[in-house]
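Throughout, read-outs are computed from the coordinates displayed, never taken from laboratory work. All values reported here derive from a predicted model rather than from experimental measurement. Heads up, the Cβs are rebuilt from the backbone with ideal geometry, glycines too, and the neighbour counts pull from every protein chain shown.
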Amino acid sequence: MSHKQYTFHFEEYDSVEELAAGDAALLKEAREVTEIAYAPYSSFKVGAVARLANGEKVIGSNQENASYPVGICAERVLLSAASALHPAVPVDTIAISYHNLHGSSDAPVSPCGLCRQSLLEHETRFSHPVRIILSGMEGKVLVIPAASMLLPLSFTRENMK
Ligand code: THU
């Protein structure tokens, strides 16, 4: 028996103002996109904006449904849109923000498990890391170098060979 350990490094900034210009612009757009989310059931509006490897931008926001499980997270709306509109182009960086209409929106939140799996599929499909910028409508910002870091011991196409 041997003990194994998983660690990963990420960056934390006090505010959007500390980010490089391109990342700051992406996060500001994600904050704006929260407003067009369709979240009448949770009132938790999530906005995501991706910069693709060719410089194009794609957005996503959560889309809820009266049949709750039918709802889709902002991240997976974005990945589906990117894949449909630019099927051969990897996502380089995604900024994700949220506006909690009934609570606070001043601390970063991380993608849910389903979205982590979808982000991982995108990374393995293109052999290209997806950087993730996380922040609420204000306050601290986290920058994670690759989505796969959020999903240790993951299941990928490699496991099906
Ligand atoms: N949501 C996202 O859009 N992304 C996440 O990573 C977490 C949760 C959405 C789903 C639902 O519409 C609302 O936030 C509350 O869970």
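Is segment 60-75 home to any residue that is under 20 Å from R116 (Cβ atoms), of a type in the set (S, T, Y) and in a strand (DSSP E or B)? For segment 60-75, residues under 20 Å from R116 (Cβ atoms), of a type in the set (S, T, Y) and in a strand (DSSP E or B): present.
The residues of segment 41-65 that are surrounded by fewer than 23 Cβ atoms within 10 Å (Cβ to Cβ) and more than 8 Å from the ligand (Cβ to nearest atom), listed by number, are S43, R51, L52, A53, N54, G55, E56, K57, V58, I59, N65. Here P108 fulfils each of the conditions (1) within 18 Å of V130 (Cα to Cα); (2) assigned to a helix (DSSP H, G or I); (3) more than 10 Å from the ligand (Cβ to nearest atom); (4) in contact with a Ser or Thr (Cβ under 7 Å, 6 or more places away or on another chain) apart from (2). Applying a threshold of 6 Å to beta carbon distances and a minimum spacing of six or more residues, or different chains, the list of pairs starting in segment 124-147 at a residue that is over 15 Å from A30 (Cβ atoms) and ending at one that is crowded, with 20+ Cβ neighbours inside 10 Å and of a type in the set (V, I, T) reads A147/V130; A147/I132. Taking the conditions (1) more than 10 Å from the chain's Cα centre (by Cα); (2) under 14 Å from A30 (Cβ atoms) in turn, Y68 satisfies each one other than (2). Does E35 satisfy being acidic (D, E), within 16 Å of the ligand (Cβ to nearest atom) and touching a residue at least 60 places away in the same chain (Cβ under 8 Å)? Considered against the rule, which asks whether it is acidic (D, E), within 16 Å of the ligand (Cβ to nearest atom) and touching a residue at least 60 places away in the same chain (Cβ under 8 Å), E35 comes out as yes. The single condition among (1) assigned to a loop (DSSP other than H, G, I, E, B); (2) away from the ligand (no atom under 14 Å from the Cβ); (3) of a type in the set (A, V, I, L, M, F, W, C) that A84 does not satisfy is (1). Of the set (1) over 11 Å from the mean Cα position of the chain (by Cα); (2) in a helix (DSSP H, G or I), all apply to S118 but (1). Residues that are away from the ligand (no atom under 11 Å from the Cβ) and either crowded, with 20+ Cβ neighbours inside 10 Å or closer than 23 Å to F155 by Cα (or both) occur at least once in segment 66-81.
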